[in-house]
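The values are calculated or read from the model by the stated rules, or taken from the named source; none is laboratory data. Since the model is a prediction, treat every value here as computed from it, not as a measurement. Cβ placement follows ideal geometry from the backbone for every residue including glycine, while neighbour counts extend to all protein chains displayed.
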Amino acid sequence: MTTVANGPTDATALDESAVDRSERSAAPGGLAETNARRTLGLVVLLGLLAAIFLLSIAVGTKYIPLGEVWNGLFAYDDSNNAVIIRELRVPRTVLGLIVGIALGVSGALIQAMTRNPLADPGILGVNAGAAFFVALAVGLLGFTGIWSYIWFAFIGAVLATVAVYVLGSMGRAGATPIRLTLAGIALAAVLGGITSGMLLLNPEAFDKMRFWGAGSLAGRGLDISFAIAPFVIAGLILAIVIARPLNAIALGDDLAQSLGAKVKHTRAIGVVAVTLLAGAATAAAGPIGFVGLMIPHMVRWFVGPDQRWILLYTVAAAPCLLLLSDIVGRIVIRPGELQVGIVTAFVGAPVLILLVRRKKVSGL
């Protein structure tokens with residue numbers, strides 16, 4: 001009978017051996033060649049993100065040539081286009097970048113912690129919890145500044161996360177992926193209905209939150225990005241800290257614990273990270289769904305089960321999706337505008353149906 005020693009070294013060895021075995025079986029060229037391809041893919045993805053960033057500044061009700069975008073960004077100019085770039089397009093695009101990263105990484109963390117490939121902050125009720133508490137702050141307490149209601153968003157996010165896990169854990173089966181998904185959808189529906197009722201009963205609060213409630217990047221200044229950036233950075237740091245242990249947890253709680261992985265400790269850090277990321281993103285842009293579901297899931301198809309690479313790719317890919325959705329929203333009903341949360345829902349709902357109907361969902 002083989003004795004397994006407990007300790008961080010064993011958990012790390014388990015993590016690396018499990019990931020390396022899957023990579024070697026999937027890549028005849030070996031781990032070095034696989035990582036080289038991953039690195040090249042990440043560089044290409046970052047280049048795509050830079051191009052979409054510039055496109056987001058150029059495209060809108062009024063198209064601004066890329067040459068003028070460059071001048072508006074790096075040269076002083078008081079022309080009308082330069083004012084549009086500096087005062088409207090840049091703040092909106094920067095916020096989309098930050099919110100996209102926050103939503104994508106929070107979705108990747110939730111999928112890894114629950115081993116549920118269909119999980120994201122929206123489906124598990126995190127966004128709905130944050131939105132509900134923001135509605136309480138605005139509608140009942142009269143708070144209107146982000147520094148006032150961002151704390152309510154954080155409280156709502158963590159309470160919703162805990163509530164979904166408790167509801168999904170009831171019964172003999174425990175917290176299975178399907179049970180967690182159903183509990184999250186149910187909680188989100190209940191909280192969404194209560195939030196809508198509160199806003200309808202308070203016309204002033206409804207007017208303040210109607211664009212926020214649909215999920216929008218419009219009308220936000222750079223001060224909003226500066227307000228949420230520290231929380232998003234803190235959440236990203238925590239995500240990096242637990243990226244390696246999450247690989248061990250993917251093999252199952254019992255096996256990970258037997259080899260020294262601190263499962264509860266890792267999940268606790270993950271909950272804090274998700275709360276910071278999803279709470280900050282929801283407070284700034286409203287409840288935007290499906291970004292945290294689609295991106296980590298698709299990224300996993302390309303980079304495999306290693307959470308370190310999944311997080312890296314998600315940081316680059318999630319803002320690409322959100323900014324592209326925002327661009328589509330600006331031009332699809334021009335001169336009007338469709339909120340980015342509505343666009344991501346149009347894209348994400350069919351993707352969710354396809355993922356559910358797949359015979360083999362990508363493993364975690």
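Per-structure values
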| read-out | value |
| --- | --- |
| Selection count, segment 140-164, where residues are part of a helix (DSSP H, G or I), hydroxyl-bearing (Ser, Thr, Tyr) and surrounded by fewer than 17 Cβ atoms within 10 Å (Cβ to Cβ) | 1 |
| Which numbered condition Asn202 fails, given (1) at pLDDT 85 or above; (2) farther than 30 Å from Ile353 by Cα | (1) |
| Ile240 being within 20 Å of Ala316 (Cβ to Cβ), of a type outside the set (Ser, Thr, Tyr), in a helix (DSSP H, G or I) and over 14 Å from the mean Cα position of the chain (by Cα) | yes |
| Residue tally, condition over 17 Å from Ser225 (Cα atoms), over 10 Å from the mean Cα position of the chain (by Cα) and either crowded, with 24+ Cβ neighbours inside 10 Å or touching a residue at least 60 places away in the same chain (Cβ under 8 Å) (or both), over segment 276-310 | 13 |
| Spans of helices (runs of 4 or more DSSP H) in segment 51-117 with at least 3 residues over 30 Å from Leu352 (Cα atoms) and of a type outside the set (S, T, N, Q) | 66-74, 80-84 |
| Selection status of Ala137, in contact (Cβ under 8 Å) with a residue 40 or more places away in the chain, on the phi < 0 side of the Ramachandran plot and buried (at least 21 other Cβ atoms within 10 Å of the Cβ) | no |
| Every pair of residues 6+ apart whose Cβ atoms lie under 8 Å, when the first sits in segment 243-254 and is at pLDDT 85 or above while the second is of a type in the set (Gly, Ala, Ser) and not in a helix (DSSP H, G or I) | Pro245/Ala261 |
| Matching residues, segment 140-151, being under 17 Å from Ala273 (Cα atoms) and touching a residue at least 24 places away in the same chain (Cβ under 8 Å) | Ile150 |
| Residues located in segment 215-233, provided they are under 16 Å from Ala153 (Cβ atoms) and small (Gly, Ala, Ser) | Gly215, Ser216, Ser225, Ala227, Ala229 |
| Residue check, Leu199 in contact (Cβ under 8 Å) with a residue 60 or more places away in the chain and crowded, with 18+ Cβ neighbours inside 10 Å | yes |
| Answer from Gly67, Gly96, Gly29 - the residue that is under 30 Å from Ala243 (Cα atoms) and at pLDDT 70 or above | Gly96 |
| First in segment 68-87 and closer than 17 Å to Phe53 by Cα, second anywhere and among the polar types (S, T, N, Q) and part of a helix (DSSP H, G or I), Cβ under 6 Å, 6 or more apart | Glu68/Asn81 |
| Residues (among the β-branched types (Val, Ile, Thr) and farther than 23 Å from Thr181 by Cα) located in segment 293-337 | Val303, Val315, Ile327, Val328, Ile331, Val332, Ile333 |
